[in-house]
Structures are given as C-alpha cells and as structure tokens.
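Report on the structure given below.
What follows draws every value from the coordinates through simple rules; no lab data is involved. Everything numeric here is computed off the predicted structure, so don't read it as measured data. Using ideal geometry, Cβ is built from the backbone for each residue, glycine included, and neighbour counts are taken over all protein chains shown.
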Amino acid sequence: MRKTLTLLAMALPFMASNLAIADESSALKAKLEEVATLKANFSQVVTDINNKEIQRGSGVFALAYPNQFYWHLTEPDESLIVADGTDVWIYNPFAEQVSVMDLNQAITASPIALLVHRDKETWAQYTVTSKDGCFDINPKSVDAGVESVKVCFKGKTLTQMVLEDQQGNVSSFELTGQTAITDAEKSLFKFTVPEDVDIDDQRLNAIH
C-alpha cells in the first residue's frame, strides 16, 4: 500500500507519432488548465491482478499548478504525501519516518505528474488517448513506476483516477466535493517535519 501511495505522489505526450494522439494530449492539457487548483475528498479501492479487492481507504486530495500536490490518506492507515513545488515529502506516522526526494525524481516515476506539470519535456515521456470524458496516460519508458493512469472529468470536475502498477494491482479513486483551493488552504502544500521522526533524504544533492 505504501508503494502505491508513493507512486501516486510521484508525485505525475507531446512528441506523438500522429496527429490524433497529439490532439488528445492538447485536450487533456486544456482540461487541466480549467482546474488549475482543486481540493476533494476521495474513496479508494485497491484490487490485485485477479480483480480481488485487497484494500479500501479514504482521505483528502488537493493539487495546484505548478508542481504542488497533497494526498492525505486517513483510513485505514494514515499516510501523507506533499509536493511543495521543489521536493516531495512522504510521511508515515506509524513508522515515524519521512522520506524526501527531488520533485524531478518524482516526476519521472508516474504519469500522475501531468496533473501539475506543463513542461513539454515531461509530457513527451507519455502518450495520451481519450474516450468518453476519460484520458488514458501511458509512460513510454518501461522503467516507469506505474503501467498506466486514467483520469476522468465531468465538465470541469475531476471525478476519478485509476492507477495500474506493473504487478497488475489497480487503485481506483473516486473524488467528491471538489472545490478550488482558497488562500487559507495553500498551506496544505507546505510540509513541516514532525519532531522525533527519522528522515530518509533521497534527494540527488543530499549529503550523506
């Protein structure tokens, strides 16, 4: 489960080989620009490769362009992921540990990065197809942390995200109660390291 959350926080195609795919990438970009900030509740169902349910959960999700992300799982076990625009922080209260990595490290790991990123170089790492209000995002590299991501919209509302990892596990997230981020809520994207926790600094420029 922790791996699934890490892939999600990490965080997030422009060099398409044909016009149709390029148009769908542009359509997804345009849709994301309509929801430059959002906060919503989510419910989560995780199934394995045999479509057997292995976990349910719930929490709060928020994002803001550029490169800010908040994911707080409250049930069944608490976990917190915060991307502050520079670094990505992953906090496990039960283990009393915080992991931190460079944002650029996280961006290369998952298509979910496209939700908060507009860089052409980043988009060039993925292909995008669309159907019935949903966009399927697939990494071109076999080294990516997830197999695919699907995001669905109803108008300007992000309603669903589905992540499939390379082991065939699928995490489906239904979003409800979406609102724009208020000035007061911008503090969600600032992570303060709690006292008396271990810090696993994975940033490329970290001194060990």
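Tabulated values for the structure
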{"item": "Karplus-derived HN-Hα couplings along the stretch 73-80 (A = 6.51, B = -1.76, C = 1.60, θ = phi - 60°), whole Hz, x at Gly and Pro", "result": "7, 9, 9, x, 10, 6, 8, 9"}
{"item": "Built amide H within the under 5 Å cut-off of Thr127, gap 5+", "result": "Asn138, Lys140"}
{"item": "Two-site FRET efficiency, Lys140 against Glu195, from Cβ-Cβ distance with R₀ of 35 Å, rounded to 0.05", "result": "0.25"}
{"item": "Peptides 149-161, 46-58, 27-39 ordered by average Cβ neighbours within 10 Å, highest first", "result": "149-161, 27-39, 46-58"}
{"item": "Distance in nm between pseudo-label sites at Gln160 and Ser26 (7 Å out along the Cβ direction from Cα)", "result": "2.8 nm"}
